[in-house]
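The values are calculated or read from the model by the stated rules, or taken from the named source; none is laboratory data. From a predicted model like this one, the values you see are computed outputs, not experimental measurements. So basically every Cβ, Gly included, is an ideal-geometry build from the backbone, and we count neighbours across all protein chains shown.
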Amino acid sequence: MKSSLKKSPEIRQLVYHTLGKYLRLDPNALNPEDSLRDDLGLDSLQTIELVYEVESAFDLQIPDEDFGRLTTIGAVILYLDERTRPEGTSLSGPQATPLATATRPTPLAKKTKSRTPSKKSRT
Amino acid sequence: MAARVVITGLGIVSPIGTDIPSFWKAALKGQTGITAISSFGDFPMESYRSRVAGQVSAFRLPDPSEDKFSSRVDRYAQFALAATREAIQDSGLDLEQERAERIGVMAGVGMGGMMMGERELTTLYQSHKPHRVHPNFIPTITLNSASGILALAFGAKGPNLTISTACSSSIHSIGQAMQAIRLNQADVVIASGADASITPLVFAGFCSLRALSTKYNDHPDQASRPFDRGRDGFVMGEGAGTLILESLGHATRRKARIYAELVGYAATSEAYHMVIPREDGSDIARTVNLALKDAGVSPSQVDYVNAHATSTVVGDDVEVRGLRAVFGKRLNTIMVNATKSLIGHTLGAAGAIGTIVSALSIQTGIIHPTVNYDDPDPHCALPGLSTKVQKKSVRVGLVNAFGFGSNNAVLVLKKFS
């Protein structure tokens, strides 16, 4: 991951800028290892909103199937680095996590650390 | 003692039938009304992530000589007018003989007049001519345009409310209609639910929310698959459903045919998240228990559930979790079906259509099949759900609806005796 980050400093910078603006945080306070859910406290709707901002900043569309890859800031940067390469390889991640297909809930008793309600949906 | 409330008339506009007989016939055959969206005018559909919906293609506006109101309102209210006209006719009510002040209207509406809303907005922004905004724009997009036009069309001068709780709107409208009769505010209430918002902007909004099915664009009839392992989001639908509710005394005096008795209602908030249900289903269970308590029946008496079942991974899971908390192992023996597998999610109409289905099942003892239940998801297993028609007497049925805004609502229907 790190080698790809070094190759694409402008992608990294734009991701940090976009995330910092959305999260209202100083981009310097963000780390590649930060988990969108567990460290930044994003629930599934907020993750979708963040992806929306990233799509806008990078002028591309991120399909539902790729949501599963976007777990950390570093993963987002890696994903965008690959998507924006001229020879860009198409990525297919594990199970998607948009609202329609958000991760299956776990019983409250077994709930893992989360600062906000995360990855659930109601329609 | 509060009046007992009975259902005496039904009317519907749906993707699989624009009247009760054609809808019920199609539902029992497991006919799906989910099709590809042909176009949004100039918008190429390829730019939408989801491209399927439950569209009402058979609907025709009535002749102006029969109905001077439909041409003045948005599509959703046109649906409500048509469904209500059928329901009143079905009920045998002679409105000329009724006291108008004792007839109420409760309409459940999720999105409202979005068709005209989007059209006028586009016109204004493109033309920059405010004076070209249509004079009927405000009366059309005001959210109570359906309940208002129903009152005008049918001369109902009793309590008139619009309830907007997203996807649970019309369970609330029926529940509040029941309460109005219980409180002796009305003898008859037209309880309706309607939505028709498969429009460029609303559809794009649900796409952006990543709430819609996207994997079955080439196989629209397979897109809505509640409780199936392959489900990947809900399918938008449109339509309307109307039920005529009456006090038992009023219905008995005029020797009305009674489909079922409406005996219980509960409305709660999870106070949790605008679009995400509480994951353990505890608030759904609480709502079901409150509705059963209101009905004066025990969980052991329930033998049918018309599930909310939108075909989202988590929504279906949580609903079953909530039902299992109430019924335990007995849930395996309760008949369940998912009307949205046939017609998609009609938003504000969904609860009314689910209640219509339940009333018909109580009356006929026939449960419509749930389609696309090809690979049952073990996480939300429902042995009582079938891809085939089930024939069994239904004495007590539940109708569930849950909506954005952290809303839950449940109705309890009972065979009339």
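Values as computed for the structure displayed
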| item | result |
| --- | --- |
| Any hit, the stretch B:190-202, residues being closer than 24 Å to B:Leu93 by Cα and part of a loop (DSSP other than H, G, I, E, B) | no |
| Output for the stretch A:39-61, where each listed residue is among the aliphatic types (A, V, I, L, M), more than 8 Å from every other protein chain (Cβ to nearest Cβ) and part of a helix (DSSP H, G or I) | A:Leu50, A:Val51, A:Val54, A:Ala57 |
| One residue from B:Ala260, B:Ala291, B:Ala285 being within 14 Å of chain A (Cβ to nearest Cβ), under 25 Å from B:Gly384 (Cα atoms) and at pLDDT 95 or above | B:Ala285 |
| Positions within the stretch B:1-29 being among the small types (Gly, Ala, Ser), touching a helix residue (DSSP H, G or I) at 6+ places or on another chain (Cβ under 7 Å) and within 18 Å of B:Ser57 (Cα to Cα), in sequence order | B:Gly11, B:Ser14, B:Gly17, B:Ala27 |
| Contacts under 6 angstrom Cβ, first residue in the stretch B:379-394 being closer than 13 Å to B:Asn306 by Cα, partner among the aliphatic types (A, V, I, L, M) and assigned to a loop (DSSP other than H, G, I, E, B), 6 or more apart | B:Gly384/B:Ile334 |
| Matching entry among B:Ala194, B:Ala156 (being over 30 Å from B:Gly315 (Cβ atoms) and either basic (Lys, Arg) or buried (at least 24 other Cβ atoms within 10 Å of the Cβ) (or both)) | B:Ala156 |
| All positions within the stretch B:117-133 that are in contact with an Asp or Glu (Cβ under 9 Å, 6 or more places away or on another chain) and within 23 Å of B:Gly348 (Cβ to Cβ) | B:Gly117 |
| B:Val297 more than 10 Å from chain A (Cβ to nearest Cβ) and under 18 Å from B:Arg182 (Cβ atoms) | yes |
| B:Ile244 within 12 Å of chain A (Cβ to nearest Cβ) and either in contact (Cβ under 8 Å) with a residue 60 or more places away in the chain or assigned to a loop (DSSP other than H, G, I, E, B) (or both) | no |
| Helices (runs of 4 or more DSSP H) wholly inside the stretch B:307-413 that include at least 1 residues being of a type in the set (A, V, I, L, M, F, W, C) and within 14 Å of chain A (Cβ to nearest Cβ) | B:313-327, B:350-364 |
| Scan of the stretch B:169-187 for residues that are of a type in the set (S, T, N, Q) and under 13 Å from B:Val263 (Cα atoms), ordered by number | B:Gln176, B:Gln179 |
| Residue list for the stretch B:25-52, filter: more than 11 Å from B:Leu342 (Cα to Cα), assigned to a helix (DSSP H, G or I) and at pLDDT 95 or above | B:Lys25 |
